[in-house]
1. Computing the accessible area with a 1.4 Å probe over protein heavy atoms, can you report the carbon and sulfur percentage for the chain?
2. For segment 170-199 and segment 225-289, write down the distance between their C-alpha centroids in whole Å.
3. Less than 15 Å apart at the alpha-carbon level, and either on another chain or at least 8 residues along: which aspartates and glutamates does that give for Lys259?
4. Nearest 10 degrees, 0 to 90: what angle lies between the long axis of helix 355-365 and the longest principal axis of the chain (Cα atoms)?
5. Relative to the longest principal axis of the chain, what angle (0 to 90°, nearest 10) does the C-alpha long axis of helix 446-455 take?
6. Can you return the lysines within cross-link range of Lys147? Criterion is Cα-Cα under 24 Å, with same-chain partners fewer than 8 residues away left out.
7. Within segment 2-164, what percent of beta bridges assigned by DSSP are antiparallel, to the nearest 5?
8. For segment 444-498, which trypsin sites (Lys or Arg not before Pro) are both in a DSSP coil and crowded by at most 14 other Cβ atoms within 10 Å?
Amino acid sequence: MDISVSNADPAKIKTGCLVLPVSNQRKLTGSAAAIDNASDGFLSDVLKQGDLSAKPAATLTLHNLPNISAKRVVLINTGKSKNTDALSAAEFEKIAAAHAGVLAELNSKDASSCVLEIDVDNRTPARMAQSLTQALVARSYRFDMHKSKKSEPITLTKLSLHCSDKKHNKSVAKGGEFGVGIGNGMQTARDLGNMAANVCTPTYLADHAKQLKKSLPSLKVTVLNEAQMAKLNMGSLLSVSAGSEQEARLICMEYKGGKANAKPVVLVGKGVTFDTGGISIKPSAGMDEMKFDMCGAASVFGVMRAVAELKLPINVVGVVAAAENMPGSKATKPGDIVTSMSGQTIEVLNTDAEGRLVLCDALTYIAKYKPDVVIDIATLTGAVIIALGHHTTGLMSNDDTLAGDLYDAGIESSDKCWRLPIWDEYQQQLSSNFADIPNIGGRPAGSITAGCFLSRFATDYKWAHLDIAGVAWKQGAAKGATGRPVPLLMEYLISRAG
Ligand code: BES
Ligand code: MN
Ligand code: ZN
């Protein structure tokens, strides 16, 4: 999508679709007033007839306005009673989503939007532009790689952002680009998540990283195979892929946009390309959804793409621990004891608690990058859905500042997370008669004890864990990957980039 910023008279903008915000107040202001004047009161007449619903984000499409260069004019209701009432950021995001919705329905090739005129609390025009373009990219998402007939693509190729004050032009253009970058990152995350697990294997993910390098040469990609991991004593990670024909992979992507000596942010994604549960096999109902068990990894790919496309001036390393969890004659059995790269021995009491087993070796391995902070992202526990539902990511951390920054980034991006404690009381639930640590801590506080397990390996750096089991995909008719938590992670990284 080609984004431009314009300060032109809205009546003279040649576009397929001109989008104007209006409130429920009869008197029009801003661009809507300009269009109303130029069209001899056309908008006032329409509004007087009550054709535009009073509901927030309601839209009305108008054609052939006299003296107006735009082919169509779309009115979008802020839902406020006065022109001067400010919207909350969440209310603006509903406007952005509805805006994306009408343009998609009209299948407009180009559009010009005046919604940055809306007054939004704690939102600059640049940040509003970001929300808008992110919503537009999200709305254009299609996943039909496995269908023999492809659906019609949505073809908004040109967007002009109307800016009433020239001084914002540069920042608005940048905000617009950021939204597209984040949107593209989400598309990558959704594509990988939605792919069938017989296609999206650990090897496929490794190839995807190499593909990404081709289009973004600033990435450095290295892939470890099972023999190389065995040499590094990654007995825990390898115990997960032991039952599968598919070999595990540890995929590392380094992006250096910052100073050569600046310590990187390291992202570690759980990439279990299918989780049958292993010998502790899962019930069959809904098991297809365990193809989404690599959505943490998918979000790492999405972030790496967005960071590289946007050329953020920071250093980021993305690491994906990819394995398939299958039962089989070589599979790990309950009670088996494995030795992790850290040297800690683990009693595998439940082979379905495999995410932590792949992550713990990755967490040990990445210390070599001398990270400033480490964030792992994982569809780790069903228990986090019981705690926080499908709205909020579970956050655990050994560092209050990092936890606070991620919480803030969640609020800012509307991709929210909420912290759970990993206090000593919970750590004590992890005790084994036979090894240093068991891989499960009982039913109570299942998400927390999973976080506690990971904390035993994240000892040498500031670390946070995001349990995205409840938010990474939708069930039911709209079944599919959401692209979360790419917006949260990008918000965090962009604010670090300053
Ligand atoms: N991938 C699952 C977690 C999961 C379950 C995500 C359902 C989304 C929906 C994970 O590997 C798992 O199986 N966790 C177990 C842990 C238990 C055995 C301690 C769980 O949550 O039941
Ligand atoms: Mn599992
Ligand atoms: Zn899993």
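The values are calculated or read from the model by the stated rules, or taken from the named source; none is laboratory data. No experiment lies behind these values; they were computed from the predicted model shown. Please note: Cβ atoms are built from the backbone with ideal geometry, for glycine as well, and neighbour counts cover all protein chains shown. Accessible surface areas use protein heavy atoms only, side chains included; no ligands, DNA or RNA. Shrake-Rupley method; radii C 1.70, N 1.55, O 1.52, S 1.80 Å.
1. Numbers: 10570 of 20730 Å².
In the chain, the share of accessible area belonging to carbon and sulfur is 51 percent.
2. Using only Cα atoms to place each centre, the spacing works out to 22 Å.
3. Asp372
4. 80 degrees
5. It works out to around 70 degrees.
6. Candidates past the 8-residue exclusion: Lys291, Lys474, Lys479.
7. The antiparallel proportion sits near 25 percent.
8. On the way: sites: Arg456, Lys462, Lys474, Lys479, Arg496; in loops: Arg456, Lys479.
For trypsin sites (Lys or Arg not before Pro) across segment 444-498 that sit outside H, G, I, E and B with at most 14 neighbouring Cβ atoms in 10 Å, the list reads Lys479.
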